[in-house]
Amino acid sequence: MQDNTPSSELLQKMDAYWRAANYLSVGQIYLYDNPLLKEPLQLAHVKRMLLGHWGTTPGQNFIYVHLNRIIKQFDLNMIYMSGPGHGGPALVANTYLEGTYSEVYPHISRDELGLQRLFRQFSFPGGIPSHVSPECPGSIHEGGELGYSMSHAFGAVFDNPQLLVACVIGDGEAETGPLATAWHSNKFLNAAHDGAVLPILHLNGYKISNPTLLARISRQELTQLLQGYGWTPYFVEGHEPEAMHRAMASTLDTVVRQIQQFQHAARAQGDTGRPRWPMIVLSSPKGWTGPKMVDGRPNEGTFRAHQVPLSIGASSPPEHLAQLENWMRSYRPQELFDAQGRLRPELAELAPTGERRMGANPNANGGLLLRDLKLPDFRDYAVPVPTPGIAGIGDTHVLGGFLRDVIAQNTEQRNFRLFGPDETLSNGLEAVFEVTARQWQAQTQPNDEFLAHSGRVMEVLSEHQCEGWLEGYLLTGRHGLFNCYEAFIHIIDSMFNQHAKWLKVSAELPWRRKIASLNYLLASHVWRQDHNGFTHQDPGFIDHVVNKKASIVRVYLPPDANCLLSVIDHCLRSRHYVNVVVAGKHPAPQWLPMQAAADHCAQGIGVWHWASNDDGEPDVVMACAGDVPTLETLAAVSILRQNMPALKIRFINVVDLMRLQPASEHPHGLSDEDFDRLFTTSKPVIFAFHGYPWLIHRLTYRRNNHHNLHVRGYKEEGTITTAFDMTVLNDLDRFHLVMDVMDRLPQTGVAGLELKGRLERKLIEHKQYIDQYGEDMPEIRNWKWDASQWWTRST
Ligand SMILES: Cc1ncc(C[n+]2csc(CCOP(=O)(O)OP(=O)(O)O)c2C)c(N)n1
C-alpha cells in the first residue's frame, strides 16, 4: 500500500495550524482587546465575563486540522459534527482560519480588526453563543444538548453516497441514551447508496466534574464494547504533540482507506455484507496545552479544565493574568499570524479550498441542496363522501396510499424517507410496503417482512434515533415524515426543542437557506388505545410544541381522511416548520368530500353549515378539533336536533389549531373580528378538544368570548376500555356535551332538565352494557349522522 504518511515538515505545519486554532480559541474565551498580544497583557484587555468551554476545544482543534489534511489528500466531501458542541470556539476558530467565517461575516475580516471582533463577539451580548450554533458555518448540529451527534451524522449520510461525516463524540455525550443507541446506526447504512460516518470518540476522560465511564473501564472492555456494536476501533492515545500528530495522521489514512474499500466493494462489486466500519478513539488530555497547574492544583488533563481554567478579574488571584499571557504566548502567535493579523500563507494553504472546506460544504447548509418533492395530486386519493358520516377504513390507511406514491415518485431522487419506531404498519401506513421496504443491514430470517438492504422506511425502536436521523436528513436538504404513537413522541420533546430553536435562529440568518419541514404524523392517538390503556394515552406533545416560536410551529387536527390528505400534502410542501399532525387509524366516519375538505383545510377553521341551523344568530356554538371530538360533537348536535329542534346551533370544526391564537401571536391566528364572527361575543361555546382542555384556554384567553368558552378534552382518565367509554371517562362524549349545553342555556328550562336526566340514565346504561358485553352499545356503535335530518345551509 502506498505510504502517504505526512512528512515531518507537514506535521510541523499542522502543529502550527493547531496552535493557531488553539490561540484563537483561548482568545475568544478571554480577550476583549490586544488580539495579537502586541502589548503586554493587561486587565483591560480581558473580557469582564469569562464564558466558554476550554476542555474539549484543543482536542477538537486537533481533529479539525487532521481532517483538513485528509480531505485534501483524498479529495473528500466531508462535514464535521461536533458532539461536544459546547466547544464552540474550536469550530469558530477553524472556520475562521479556513476563510469561510469571513466570507459569511465580512466584518470578521482576516486581519487584526477582524481578530479583535472575532474574540469580542464570542459569548458576548449581541454576539455568538459559546456552542456550535446555527451562526457557525459548517455546522448542522447544535451541540448544546448532548447526545445526538451520531444520529444527526447518520441522517446526513443516508442517500448521500459521496458524503463522509466526521462525527466527534464526547465521552460524556456517549453516556446519554440517544448516543448509546446511535452506535447501532451502522445496521441501517447501505454502503452502496449511503455515505459513511467516521465516529471519533473524544476520550478526554471527564465531563463537568466527573470522570467519564468510558475512560474508566479498561481499554480491553472499551474495545469489546465498540466491537460489540459492530465497529472497528482505532486508538490514538497520548499527549505529546509530535507523536500524536503522527499517530492521528496514519490512523486517518488507514480508516479513510478502509471506508473507501467498503464503499468500493458495495458499489463496484455488489458486496451486500455489513461492513465493520472503522472508528477512532482519540484519547487526549482534557484542556490539552492549557495551564498545567492553577492555584496549586492540576488543571490540564483533569475535570478542572472543562470550562474557563483561569479566572481573571478584580477578585481573582493577580498571577492569573500572567498565566493567561504565558499560556497564549506558548502558541507563539507571531509565528502564526503576520503583523496585520493574517494567518501566514504557508499555514493557510493547509486548509482545503472552496466547498471542500468543512465550513463551506453545502451539506451543512442543506437548503442549498433541497429539491422539491414530486407529489402526486392528493385529490386522486380522495374518499368519496356522498353524504357526511359514511364509514371510513381509517384515515391513516387512506394516507398510506398517498405516501406510497410519494415514495414511488421520488425513487430516483432518493430524497424522501419515512421514519418511525416500528409503527409504520400499526399506524396504518402499510400501503408503503407495496413499493418499498425497511432498510436493514442486519441478519434476516425467512419469516421477516419488508426488510431489505435498501428501502425508504427507517425503523428502529428508538424515537431518539428516528428523530435524530430525520433531523440530519432534513438539515442536509431532504424530506421526511416521522410517524409515531402520540403518547411516545414525548420521548423526543427535548430534541424537538433543539430543532425548533435551530430553525428559528437559522431563519434569521440570510445565508442559511430554508430546509424542508419536520413533519410528525401522530397516529394511534389518545382516544383509541382500546387494548393499550392508560400508558398509551397522552395528547400532551402539542401542548409542548406550541411553546415554540409561532413562526416555526404548526399543529393540525384533520377530522377525516380527505382533510388528512390535504394537510399532509401541505406539510410536505412547506419549508422550515415543525408540523404536527394528529390523525386516527381506526375505521371512522368521513365528513367532507375532497373539495370541501381542501377548502376547509385551507381555511383551517370553519362552520359546517350542514350541521348548523343558526341563521347567523346561534344560541350555542358547538366547536371541535380532532377526529373523535368531531364525531362526538356531531352526535351531540343530532341529539339536540331531535330533542330541542328550536335551538339554534352553530357547528365549528378546527383543523389548524393555530387559528385560535390571536393574529398578533401567530401568523395563522384569526383576527379578533373574524374570531368574534365565528364564536360570537356572547353565546356559550362548547368546545370538544382532542388534547388537554387547557390548551384551548391558553390559545384563546385573550378573545372576547373566552369567558363563555367551555372546553372538554382529555383529563388523565383512561384505562383499557371501549372507544366510546374513553370519551365518557373524560366527559367528552355526546351525552356530556349535550348536558353541557343544557347547563349553559337556562332557556331550555324543564325540557332541558328532563333531557339531562335521560342522558344521565343513558350513561348508566352505557356503563352497565360495557361491563356486561365488553363493547359499546349498538346505538353508539351504529350511530350515523342522519342525512335526512340535515339542516339546510342557512347562512
Ligand atoms: C443532555 C445534556 N445534559 C447535560 C449537559 C451539561 N453539560 C455540558 S458539557 C457536559 C460534559 C460533557 O462531557 P463530554 O461529552 O465528555 O465533553 P467534553 O469533555 O469534551 O467537554 C455536560 C454534562 C448538556 N449540555 N446536555
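Structure summary
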| read-out | value |
| --- | --- |
| Per-region count, region 384-409, residues open to solvent by less than 30 Å² (accessible area, probe 1.4 Å) and in contact (Cβ under 8 Å) with a residue 40 or more places away in the chain | 13 |
| Sole exception among (1) within 25 Å of LEU310 (Cβ to Cβ); (2) outside any helix (DSSP H, G or I); (3) more than 16 Å from the ligand (Cβ to nearest atom) for LEU24, by number | (2) |
| GLY313 being more than 16 Å from the ligand (Cβ to nearest atom), surrounded by 13 or more Cβ atoms within 10 Å (Cβ to Cβ) and at positive phi | yes |
| Matching entry among GLY366, GLY389, GLY354 (being in contact with a Gly (Cβ under 9 Å, 6 or more places away or on another chain) and either at positive phi or at pLDDT 95 or above (or both)) | GLY366 |
| Entirely in region 475-590, the strands (runs of 3 or more DSSP E) that have 2 or more residues that are within 28 Å of LYS374 (Cβ to Cβ) and within 13 Å of the chain's Cα centre (by Cα) | 479-485, 518-523, 578-582 |
| Filter result (open to solvent by less than 20 Å² (accessible area, probe 1.4 Å) and over 26 Å from ALA180 (Cβ atoms)) within region 223-255 | MET244, HIS245, ALA249, ASP253 |
| Where a residue in region 77-92 is in a loop (DSSP other than H, G, I, E, B) and its partner, wherever it lies, is more than 9 Å from the ligand (Cβ to nearest atom), with Cβ under 6 Å and at least six apart | GLY83/SER149; GLY85/VAL132 |
| Filter result for GLU145 (under 24 Å from the mean Cα position of the chain (by Cα), away from the ligand (no atom under 12 Å from the Cβ), surrounded by fewer than 24 Cβ atoms within 10 Å (Cβ to Cβ) and not in a helix (DSSP H, G or I)) | no |
| Conditions (1) part of a helix (DSSP H, G or I); (2) closer than 23 Å to PRO618 by Cα: number failed by LYS767 | (2) |
| Residue selected from region 641-659 under the condition buried (at least 24 other Cβ atoms within 10 Å of the Cβ) and more than 16 Å from ASP560 (Cβ to Cβ), by the criterion farthest from the chain's Cα centre (by Cα) | ARG650 |
| Of all residues making up region 107-142, the number that are within 16 Å of the ligand (Cβ to nearest atom), at pLDDT 95 or above and open to solvent by 10 Å² or more (accessible area, probe 1.4 Å) | 0 |
| Matching entry among ASP448, ASP405 (being of a type in the set (Asp, Glu) and over 29 Å from LEU369 (Cα atoms)) | ASP448 |
| ARG304 vs. criteria touching a Lys or Arg at 6+ places or on another chain (Cβ under 8 Å), basic (Lys, Arg) and under 30 Å from PRO161 (Cβ atoms) | no |
| Failed criterion for TYR30 (all others in (1) among the hydroxyl-bearing types (Ser, Thr, Tyr); (2) farther than 30 Å from GLY354 by Cβ; (3) within 16 Å of the ligand (Cβ to nearest atom) hold) | (3) |
| Given (1) in a helix (DSSP H, G or I); (2) closer than 18 Å to VAL654 by Cβ; (3) of a type in the set (Val, Ile, Thr), number of the condition VAL741 does not satisfy | (2) |
| Residue tally, condition modelled with pLDDT under 95 and on the phi > 0 side of the Ramachandran plot, over region 271-296 | 0 |
| So LEU213, is it touching a helix residue (DSSP H, G or I) at 6+ places or on another chain (Cβ under 7 Å), among the aliphatic types (A, V, I, L, M), within 16 Å of the ligand (Cβ to nearest atom) and farther than 21 Å from ARG19 by Cβ | yes |
| Number of positions in region 33-72 that are surrounded by fewer than 16 Cβ atoms within 10 Å (Cβ to Cβ), farther than 20 Å from PRO362 by Cα and away from the ligand (no atom under 16 Å from the Cβ) | 9 |
| Some residue of region 443-465 being crowded, with 23+ Cβ neighbours inside 10 Å, hydrophobic (A, V, I, L, M, F, W, C) and touching an Asp or Glu at 6+ places or on another chain (Cβ under 8 Å) | no |
| Test set (1) touching a Phe, Trp or Tyr at 6+ places or on another chain (Cβ under 8 Å); (2) open to solvent by 40 Å² or more (accessible area, probe 1.4 Å); (3) in a strand (DSSP E or B) - PRO199 fails condition number | (2) |
| Members of region 164-193 that are under 21 Å from the mean Cα position of the chain (by Cα), away from the ligand (no atom under 16 Å from the Cβ) and over 16 Å from GLY228 (Cβ atoms) | VAL165, PHE188, LEU189 |
| Some residue of region 83-106 being within 16 Å of the ligand (Cβ to nearest atom), touching a Phe, Trp or Tyr at 6+ places or on another chain (Cβ under 9 Å) and open to solvent by 30 Å² or more (accessible area, probe 1.4 Å) | no |
| Neighbours by Cβ (under 9 Å, 6+ apart or cross-chain): first from region 574-591, at positive phi; second surrounded by fewer than 22 Cβ atoms within 10 Å (Cβ to Cβ) | HIS576/GLY367; HIS576/ALA507; HIS576/LYS514; HIS576/SER551; HIS576/ILE552 |
| Yes/no for ARG304 being open to solvent by 20 Å² or more (accessible area, probe 1.4 Å), within 16 Å of the ligand (Cβ to nearest atom) and in contact with a strand residue (DSSP E or B) (Cβ under 9 Å, 6 or more places away or on another chain) | yes |
| Residue match in region 324-346 (condition: part of a loop (DSSP other than H, G, I, E, B) and within 31 Å of the chain's Cα centre (by Cα)) | no |
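The values are calculated or read from the model by the stated rules, or taken from the named source; none is laboratory data. As the structure is a computational prediction, the values presented were derived from the model and not from experiment. For neighbour counting, all protein chains shown are included, and Cβ atoms are generated from backbone atoms with ideal geometry for every residue, glycine included. For the accessible areas, the whole protein counts, side chains as well, though only heavy atoms, and no ligand, DNA or RNA atoms are used. Shrake-Rupley method; radii C 1.70, N 1.55, O 1.52, S 1.80 Å.
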